[in-house]
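See below for the structure under consideration.
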Amino acid sequence: MVITASRACAERIITDAAGRKVKIPDNVSRLVTTFKPATLMVLCLKGADAFVGLDNSSRHDPLVLAVAPELADLPGVGSKSSGINLETVLSLDPDLVILSYQKTGVQMADRLQNSGCPAVLIAPETFASIKQTLIMVASAIGKPRRADAVIQAMDRMLARVGKRVQNLDPGERKTVYYAGPSGFLSTSPSDMLQDRMIHLAGGINAAHGLHGHFKQISPEQLMTWAPESIVISPMSRFQAKTFINRRQFSLLPAVRENEIHVFPSSLSPWDFPSPLSVLGVLWLGDRLYPEQFEDICLIREVNDFHETLFGQSFTKMGGHLNDKIERKDPAHPARNQDAPNGNPGS
């Protein structure tokens, strides 16, 4: 994804993720976001005062409400999955609308543009494109230095993880199956951010040989992959319980060794594109190779990162990891405990 900006009088031209050249005001003071990653990026850039509308999901997100509770009272404009309400967006007279390039994003952006409403598409499917989007949005809302601070915090976190997993031998790297947000048998191929997150955490994505967006797989494929660890999107937590407890999966190494985890957190999830995804890398590295992370207090790192991005610590906002899942195992009764609060001391 390449995003560039050039100034001309009171306007600037932005080239978005689809290669569209969009003219926006030099000072964006009325902003609409249409999916949660974009909302979180604006919040960590200290741009909450620019919002005039946002997607329905963000209006109910615990982290969003902890950082900027006033956003709950703004108009909801729909969602990426169920559709954006064009009339509502236009009625807000925004200086800029941020949309996902996925699904109907391109068509909606063009419709808004034709109605005189500047709209840009973003594609935050890599850490590089997340950083580029931060730079573009920060420039648009007049907070370029905040982008530098957020990107530096992200880089420090990834470097901290990389230092601990870089010397793992190929045979030590665990195969990881990621169960995506749309179901336990939906997973992320090599073209998606979750694949990169697993790699940076020292693991090998079981679905790395696949390409494209989320892929539906069969139970037989999962058995063939035989992952040593299973990590689950929080949106698939309850469905995953049913699958994990099926007899046919009992021979999977991950199930046999109880290496089953749910991506944090009780606030916004760390397994989808946003600056918080670097915390997902740290958390996953810690779960895969705890001996490599013995010198790190996970919750302290998480608190510091939230403080840097949002001005409040994770625990102060009421956050907990919420990364355990129940497994029925009569031979190990201690494993039959769901631990919704995670392990705050890890």
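The values are calculated or read from the model by the stated rules, or taken from the named source; none is laboratory data. Please read all numbers here as calculations on a predicted model, not as lab measurements. When we count neighbours, we look across all protein chains shown, and the Cβ atoms used for this are built from the backbone with ideal geometry, even at glycine. Just so you know, the surface numbers come from the protein's heavy atoms only, side chains and all, with ligands and any DNA or RNA stripped out. Shrake-Rupley method; radii C 1.70, N 1.55, O 1.52, S 1.80 Å.
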Can you tell me which of (1) over 19 Å from Pro290 (Cα atoms); (2) touching an Asp or Glu at 6+ places or on another chain (Cβ under 8 Å); (3) modelled with pLDDT of 95 or more is the one His213 doesn't meet? (3)
Considering residues that are within 20 Å of Tyr289 (Cα to Cα) and among the aliphatic types (A, V, I, L, M), the number found within segment 180-210 is 6
If I filter segment 290-309 for residues that are touching a residue at least 40 places away in the same chain (Cβ under 8 Å), open to solvent by 40 Å² or more (accessible area, probe 1.4 Å) and within 26 Å of Leu43 (Cβ to Cβ), do I get at least one hit? yes
Please enumerate the residues belonging to segment 44-56 that are under 20 Å from the mean Cα position of the chain (by Cα) and not in a helix (DSSP H, G or I). Leu45, Lys46, Gly47, Leu54, Asp55, Asn56
In segment 20-56, how many residues are without any contact (Cβ under 8 Å) to a residue 40 or more places away in the chain, open to solvent by 40 Å² or more (accessible area, probe 1.4 Å) and not charged (D, E, K, R)? 1
Would you check if there is a residue in segment 139-156 being over 21 Å from Pro275 (Cα atoms) and not in a loop (DSSP other than H, G, I, E, B)? no
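Considering only segment 57-84, how many residues are outside any helix (DSSP H, G or I), open to solvent by 60 Å² or more (accessible area, probe 1.4 Å) and either of a type in the set (A, V, I, L, M) or modelled with pLDDT of 95 or more (or both)?
To start, the set of residues in segment 57-84 that are outside any helix (DSSP H, G or I) comprises 57, 61, 68, 74-84.
Now restrict to residues that are open to solvent by 60 Å² or more (accessible area, probe 1.4 Å): 80-82.
Narrowing the set further to residues that are either of a type in the set (A, V, I, L, M) or modelled with pLDDT of 95 or more (or both) leaves none.
Selection size over segment 57-84: 0.
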I'd like the full set of residues that are touching a Phe, Trp or Tyr at 6+ places or on another chain (Cβ under 6 Å) and part of a loop (DSSP other than H, G, I, E, B), limited to segment 270-304. Trp270, Asp271, Leu276
Restricted to segment 85-103 and to residues being assigned to a loop (DSSP other than H, G, I, E, B) and charged (D, E, K, R), the residue modelled with the lowest pLDDT is Lys103
Filter segment 136-155 for residues that are surrounded by 15 or more Cβ atoms within 10 Å (Cβ to Cβ) and among the charged types (D, E, K, R); the one that is farthest from the chain's Cα centre (by Cα) is Lys143
Test of understanding: among Ala17, Ala10, Ala109, which residue is open to solvent by less than 10 Å² (accessible area, probe 1.4 Å), touching a strand residue (DSSP E or B) at 6+ places or on another chain (Cβ under 9 Å) and at pLDDT below 95? Ala109
